[in-house]
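Below is one structure, written out as structure tokens, with a few remarks after it.
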Amino acid sequence: MNFTINGEGYTFTLQVNQSDELTSFTAIKGGLPYVCSIYCQPEVDSGEPECCTPNGCTQGGCGIGKA
């Protein structure tokens, strides 16, 4: 599945396997490829945020030194 967000310069691509598990989450902007992660913050500020990639989710942020 390819998609954009509010007309931003990135074209995102999600790939899933036959079990609907995420196997790849990438983006292209200006001809450059990016590997993407999904930052999940609970709406109620009672839980730890998680960083999710095709390999699974871990507690903490997605930035360098935060995961």
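Bear in mind these aren't lab numbers, they're just calculated from the coordinates by the rules spelled out. Predicted model, so just to flag it, every value in this text is computed and none were measured. Methodologically, a virtual Cβ is constructed for each residue, glycine included, from the backbone with ideal geometry; neighbour enumeration extends over all protein chains shown.
If Thr4 passes every condition in (1) surrounded by fewer than 13 Cβ atoms within 10 Å (Cβ to Cβ); (2) out of contact with any Ser or Thr (no Cβ under 8 Å at 6 or more places or on another chain); (3) of a type in the set (Ser, Thr, Tyr) but one, which one does it miss?
It fails just one condition, (2).
Out of the range 47-67, which residues are over 24 Å from Gly9 (Cβ atoms) and part of a strand (DSSP E or B)?
Glu50, Gly56, Cys57, Thr58, Gln59
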